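The values are calculated or read from the model by the stated rules, or taken from the named source; none is laboratory data. Here the structure is a predicted model, which is why all the values come from computation and not from measurement. Cβ coordinates were reconstructed from backbone atoms using ideal geometry, including for glycine residues, and neighbour counts include every protein chain displayed.
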Protein chains: 2
Amino acid sequence: MSRAIACIVADWGTTNLRVWAMAADGGAIERRVSDRGLLAVERGRFVETLEGACGDWLAGRRLPVVMSGMVGSKLGWKEVAYLATPLGLDELARHLSPVEAPFAAAIVPGVRFDDPAAPDVMRGEETQILGALQALGCEQGVFLLPGTHSKWAIVEDRQLVAFRTYMTGEIYGLLRSHGTLGQLMEGEAAHDAAFLRGVKRAIAGEPDDLLHGLFGVRALGLLGHLSRPDLAGYLSGLLIGTEMRSGLAWLAAKGRSRRAVAVGSPGMLESYRIAAGLCGLELTSLNSDDVTPGALLTIARSAGLLARGRLEPGG
Amino acid sequence: MSRAIACIVADWGTTNLRVWAMAADGGAIERRVSDRGLLAVERGRFVETLEGACGDWLAGRRLPVVMSGMVGSKLGWKEVAYLATPLGLDELARHLSPVEAPFAAAIVPGVRFDDPAAPDVMRGEETQILGALQALGCEQGVFLLPGTHSKWAIVEDRQLVAFRTYMTGEIYGLLRSHGTLGQLMEGEAAHDAAFLRGVKRAIAGEPDDLLHGLFGVRALGLLGHLSRPDLAGYLSGLLIGTEMRSGLAWLAAKGRSRRAVAVGSPGMLESYRIAAGLCGLELTSLNSDDVTPGALLTIARSAGLLARGRLEPGG
């Protein structure tokens, strides 16, 4: 490492811990990914887990650590109160929540959307959206963050004004691993003809048809219309297509055009890119690993952490 | 037992085995329920399992045994080919499939619905529908069979002409027992205010909103809008309400009025009765245990099993 590390940033989720050593100019000097997600942290041993991941970066240096994701949830290091929409994304830095550690460490708060009919929450995606704004040099747009809990978000003038979450990835995982559909399947979803068929079924289907469509996966298998290796792809397409149909209706109701920026992992981005093509949604894709560390560094700098190396009390 | 047993009938599903000793006049002399569903049958030991449940009824008598349900599936005693819709329900007796046993035993075939866009299958519900027709003395109607895989079926002139399945119960079970929703919950769904709230959310929600509504269960819990004991009831209501909204749209598309006969277990019937009331669906409820054995006896009699005690070859 020739450049000096100015800050350590982390995306700490339920399953994985991603850490980056950041240079002051915004570049990532090194990235490490481990399976030390929150579920793998022994009771309260967050400091030790983080030191296990990047203790060599911290050693002897007064480096700040800024983290986003489920690390700020009840099952994380410290429960950090959600900020409410509409939320200026530059406000995130003002509400960094410090945690006790032998180094200066703080967590980015999540966001809640107080729609009375359908309240919603996010933790981590607010940072990814900020990173996407930075990467694209824009102040507004529609953002789609596919994953276990897929988010659709609307940003106006750097303000997060509305968002909604779909349980797409979690439902896929449950049906793939448990229950009567998983028993019929072999392998995981691929981006093939079966996936396309599932997306098309979702788009062409009747409204509110998902619970029926899911049993249809079973019927297609039992009747021999889809092979065991094809069923998982079909299921994935059916779920993503259903999400996309609903998300597009939401955008239309909000007066938005069919255009969005997707931020996620490459595999997820490819699934959503294909489905978006079939749905008439124009999608720009960004790898979350490319935008998240920059956003965290920006937050750290805005909070004065790069200069001072610690958060001001009550800051 | 004062009356003579004329026939033994069984509803043999994945989880449970229900057997009835039937009198020739159609009355059930005795009923037994065990947890010896298909998943609990040791490799291929169906005869022994059945004898374990009602060997005393069979002992020394030449009694026929007629069975319906998943016992006729690939994971059952013998895979029996589905009959296609439109299907005259009186045809079931002509297609009874004998199995090898020291007594005369046969399985009622399931039914497939070859809708090219959304094929569907049932095993066991065809017998319940026949039983409901018998119990009500009618020849047609809409039938709703709630459960793990909830069925909506249309019967005209004793013919099963169309049906569709919703994965409602299985999705509830998966979300209750696994994943991020179950972790937030305490206890099982009750027929209370939280259940009603879930049904109302489903009815009032946007179309195609289920994947979003499911995450909403999580958000309502995390934000403290619903208590841990209320979340399961809300989820159950949300799922059943979503099924009902879709089922009612299907009935409307088929030119049917908002009236149906529900056949199921008392707990399920109560959930669906409450939801139907909120959805404007007029529901007549029948306990499946009251109608299934009569239908199986009718099938046995039509097949000549009561007189001969065995199926004619090729019959």
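Overview of results
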item: Conditions (1) in the same structural domain as B:P64 (by TED's automatic domain parsing); (2) over 30 Å from B:T49 (Cα atoms); (3) polar (S, T, N, Q): number failed by B:Q159; result: (1)
item: Qualifying residue in the stretch A:146-153 (condition: of a type in the set (D, E, K, R), within 21 Å of B:G213 (Cβ to Cβ), within 12 Å of another protein chain (Cβ to nearest Cβ) and in contact (Cβ under 8 Å) with a residue 60 or more places away in the chain); result: no
item: Any hit, the stretch A:21-29, residues being at pLDDT 95 or above, within 19 Å of A:V108 (Cα to Cα), crowded, with 20+ Cβ neighbours inside 10 Å and in contact with an Asp or Glu (Cβ under 8 Å, 6 or more places away or on another chain); result: yes
item: Among residues of the stretch B:83-130, those that are within 11 Å of chain A (Cβ to nearest Cβ) and of a type in the set (D, E, K, R), counted; result: 5
item: Tally of residues being in a helix (DSSP H, G or I) and out of contact with any His (no Cβ under 7 Å at 6 or more places or on another chain) across the stretch A:242-278; result: 21
item: Residue list for the stretch A:172-218, restricted to those being assigned to a loop (DSSP other than H, G, I, E, B) and either facing chain B (nearest Cβ under 8 Å) or under 15 Å from A:I274 (Cβ atoms) (or both); result: A:H178, A:A189, A:A190, A:H191, A:D192, A:G205, A:E206, A:P207, A:D208, A:D209
item: The stretch B:5-40 - residue that is part of a helix (DSSP H, G or I) and in contact with a helix residue (DSSP H, G or I) (Cβ under 9 Å, 6 or more places away or on another chain) and, of those, nearest to B:L297 (Cα to Cα); result: B:L38
item: Single residue of the stretch B:133-150 satisfying the filter (among the hydrophobic types (A, V, I, L, M, F, W, C) and out of contact with any Ser or Thr (no Cβ under 8 Å at 6 or more places or on another chain)) that is surrounded by the fewest Cβ atoms within 10 Å (Cβ to Cβ); result: B:C138
item: Sole residue being modelled with pLDDT under 95 and in contact with a strand residue (DSSP E or B) (Cβ under 6 Å, 6 or more places away or on another chain), chosen from A:L283, A:L311, A:L211; result: A:L311
item: Positions within the stretch B:102-132 being at pLDDT 95 or above and of a type in the set (A, V, I, L, M), in sequence order; result: B:A105, B:A106, B:I107, B:V108, B:V111, B:V121, B:M122, B:I129, B:L130, B:A132
item: Any pair with Cβ under 9 angstrom, 6 or more apart, that starts in the stretch B:158-170 at a residue that is at the interface with another protein chain (Cβ under 7 Å from one of its Cβ atoms) and ends at one that is among the β-branched types (V, I, T) and not in a helix (DSSP H, G or I); result: B:T165/B:V121; B:M167/B:T148; B:T168/B:T148; B:E170/B:T148
item: Pick from the stretch A:91-132, criterion closer than 19 Å to A:R62 by Cα and among the β-branched types (V, I, T), ranking: surrounded by the fewest Cβ atoms within 10 Å (Cβ to Cβ); result: A:V99
item: Condition check for B:T15: surrounded by 14 or more Cβ atoms within 10 Å (Cβ to Cβ) and more than 30 Å from B:E139 (Cα to Cα); result: no
item: Residues within the stretch A:219-233 that are part of a helix (DSSP H, G or I) and free of Cβ contacts under 8 Å to residues at least 12 places away in the same chain, tallied; result: 1
item: Residues (surrounded by 16 or more Cβ atoms within 10 Å (Cβ to Cβ) and charged (D, E, K, R)) located in the stretch B:151-184; result: B:K151, B:R158, B:R164, B:E170, B:R176
item: All positions within the stretch B:63-82 that are within 14 Å of chain A (Cβ to nearest Cβ) and surrounded by fewer than 19 Cβ atoms within 10 Å (Cβ to Cβ); result: B:K74, B:L75, B:E79, B:A81
item: Checking B:E79 against (1) touching a residue at least 12 places away in the same chain (Cβ under 8 Å); (2) in contact with a Gly (Cβ under 8 Å, 6 or more places away or on another chain), the condition it does not meet; result: (1)
item: Test: residue in the stretch A:229-242 that is touching a Phe, Trp or Tyr at 6+ places or on another chain (Cβ under 8 Å), at pLDDT 95 or above, within 30 Å of A:T180 (Cβ to Cβ) and charged (D, E, K, R); result: no
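Residue-wise test of (1) of a type outside the set (S, T, Y); (2) surrounded by fewer than 16 Cβ atoms within 10 Å (Cβ to Cβ); (3) touching a residue at least 12 places away in the same chain (Cβ under 8 Å); (4) more than 27 Å from A:M185 (Cα to Cα).
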| site | (1), (2), (3), (4) |
| --- | --- |
| A:L235 | yes, no, yes, no |
| A:G241 | yes, no, yes, no |
| A:R245 | yes, no, yes, no |
| A:A260 | yes, no, yes, yes |
| A:P266 | yes, yes, yes, no |
| A:N287 | yes, yes, yes, yes |
| A:G294 | yes, no, yes, yes |
| A:I299 | yes, no, yes, yes |
| A:A307 | yes, yes, no, yes |
